[in-house]
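The values are calculated or read from the model by the stated rules, or taken from the named source; none is laboratory data. Predicted model, so just to flag it, every value in this text is computed and none were measured. Every residue, glycine among them, receives a Cβ derived from its backbone with ideal geometry; neighbour counts consider all protein chains shown.
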Amino acid sequence: MYYGWLIVAGAFIAQFFVTGFFTYGFPLMVVPVQLEFDVTRTEVMYGITWATALGLVVAPLIGILADKWSIKNLMAIGAVTLGLGLIFLSKSESILQFSLLFALFICLSNNLLGPLTGSTVVSRWFSASRGKALGIAAVGTSVGGLVIPYMVDLGIANIGWRDMIFYFGVIVLIILLPYLLIAVRDFPSDKGLMGEPQAAEVTSNQTAGEALDGPDLSAREILAIPAFWFIGATLGFLFMSQTGVLTNIGAYMAGEGLADKTKLFIQTLAGMGLIGKLLFGYAADRINLKFGLWAAIVLASIGVAILASQPAFTYMLVAAVFLGLATGGMLPVWGAIIAVIFGMKSYGRVMGTMMPVIAVMVMPGPIIGAKLFDIYGNYVNSFYLFIAVLSLAFICLIPLKLKRLD
């Protein structure tokens, strides 16, 4: 077996924990945290917004380190940050303390364990099968979405949200950290390998032998490239909508009298995300990547439109199917597009520079969704706004040209 698949497994496990918890587990915590601290839902969302703001500074720095330093060490630091952060979060005594701790540790752990490092290291190990490898690594978020909501729901019901996240932090330190230290390597050459054995099988989106190809770009040079902004704006609007919907979905379900169905909705979304990552990851090695991203935008729009109609729960699950496929399609296509246009030499810096752009656009999503609920008493207007945002994502992708930079 090619050793690169152990690298994929490391990215898979990392995203299982970090994205699985904060994307799919956190919505189940919104109401318990709101009740304990006696605050509005908007105030519970402050931590996410502050984390996004902090990422404006953190992501570019980690992007530079990902190209210049050991990704293995960065991911190990991320595992320690995630584990200890959850333990500290369980001891918070006010909504301000909760939000500050949440912002600090979600920002650091997301950037150290998420797509910024995971996609970079996986892309170094694969070329001909890069889309498939990125898709499988990203499946970790979906498996986390299937398993972690069940753990969170069970934990809250039996031991409360504080003890639940305390023990979750301990599990991260026991399972994730050792694997990263033992198995992850930065380059194929660290194991005496030249790269992916199938690299000679050239596809329409990659060329063989591109482990360290592409220009060596500075942040200033990256920011001057139009393709960077087309990709960043498209992903920013797409992530804004998806994040705004997902962070408010637990409260939305509770408002519809379906609080006990939230876990099933999230698990359905995560399960379809798993399928979406595999399908889009496989397709990313074979189709025009713009069409892949457009497909994700259309699927997300359909899902949000269904939720805006305040349908019966059966149709909410249909919405979860569309949203899950869209969520699954974003990550592998995003990573593959960056590799195709920018190459691998500046991959981490491009991802790290793009993340603040996306973060600025994502930041208002959760807060606007919650604020419109506080004003109107429902999420219908929030969902209509997110549909408009997705339309902008579709438009921003039109001028992008999929060709390697000189």
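Things worth noting here:
- For region 73-86, taking the residues that are in contact (Cβ under 8 Å) with a residue 40 or more places away in the chain and surrounded by fewer than 19 Cβ atoms within 10 Å (Cβ to Cβ), the one that is nearest to Phe102 (Cα to Cα) is identified as Leu84.
- Tally of residues being of a type in the set (S, T, N, Q) and either within 13 Å of the chain's Cα centre (by Cα) or modelled with pLDDT of 85 or more (or both) across region 7-45: 4
- Screening Val44, Val31, Val58 for residues that are among the hydrophobic types (A, V, I, L, M, F, W, C) and in contact with a Leu (Cβ under 7 Å, 6 or more places away or on another chain) leaves exactly one candidate, Val58.
- Residue selected from region 269-283 under the condition farther than 20 Å from Gly236 by Cα and among the hydrophobic types (A, V, I, L, M, F, W, C), by the criterion farthest from the chain's Cα centre (by Cα): Ala283
- Failed item, numbered, when Ile48 is tested on (1) of a type in the set (A, V, I, L, M); (2) farther than 18 Å from Met164 by Cα; (3) at pLDDT 85 or above: (3)
- The condition of being surrounded by fewer than 17 Cβ atoms within 10 Å (Cβ to Cβ), polar (S, T, N, Q) and out of contact with any strand residue (DSSP E or B) (no Cβ under 9 Å at 6 or more places or on another chain) holds for only one of Gln97, Gln34, that being Gln97.
- For region 123-134, the set of residues classified as modelled with pLDDT under 80 and within 17 Å of the chain's Cα centre (by Cα) consists of Gly131 only.
- Within the option set Ala393, Ala388, being surrounded by 18 or more Cβ atoms within 10 Å (Cβ to Cβ) and either farther than 20 Å from Val44 by Cα or without any contact (Cβ under 8 Å) to a residue 60 or more places away in the chain (or both) holds for one residue only, Ala393.
- Within region 307-345, considering residues that are among the polar types (S, T, N, Q) and in contact (Cβ under 8 Å) with a residue 60 or more places away in the chain, the one surrounded by the most Cβ atoms within 10 Å (Cβ to Cβ): Thr327
- Hey, Gly140 within 12 Å of the chain's Cα centre (by Cα) and not basic (Lys, Arg) or not: yes
This table checks each residue for (1) within 24 Å of Leu246 (Cβ to Cβ); (2) in a helix (DSSP H, G or I); (3) out of contact with any Cys (no Cβ under 8 Å at 6 or more places or on another chain).
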position: Glu93; (1), (2), (3): no, no, yes
position: Ser99; (1), (2), (3): yes, yes, yes
position: Ser109; (1), (2), (3): yes, yes, yes
position: Ser119; (1), (2), (3): yes, yes, yes
position: Ser123; (1), (2), (3): no, yes, yes
position: Gly140; (1), (2), (3): yes, yes, yes
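- Helices (runs of 4 or more DSSP H) contained in region 210-295 and holding at least 1 residues buried (at least 23 other Cβ atoms within 10 Å of the Cβ), of a type outside the set (Ser, Thr, Tyr) and modelled with pLDDT under 80: 226-255, 262-284
- Test: residue in region 129-141 that is surrounded by 24 or more Cβ atoms within 10 Å (Cβ to Cβ), of a type outside the set (Lys, Arg) and within 29 Å of Val39 (Cα to Cα): no
- Residue check, Ala259 over 22 Å from Phe237 (Cβ atoms) and either of a type in the set (S, T, N, Q) or free of Cβ contacts under 8 Å to residues at least 12 places away in the same chain (or both): no
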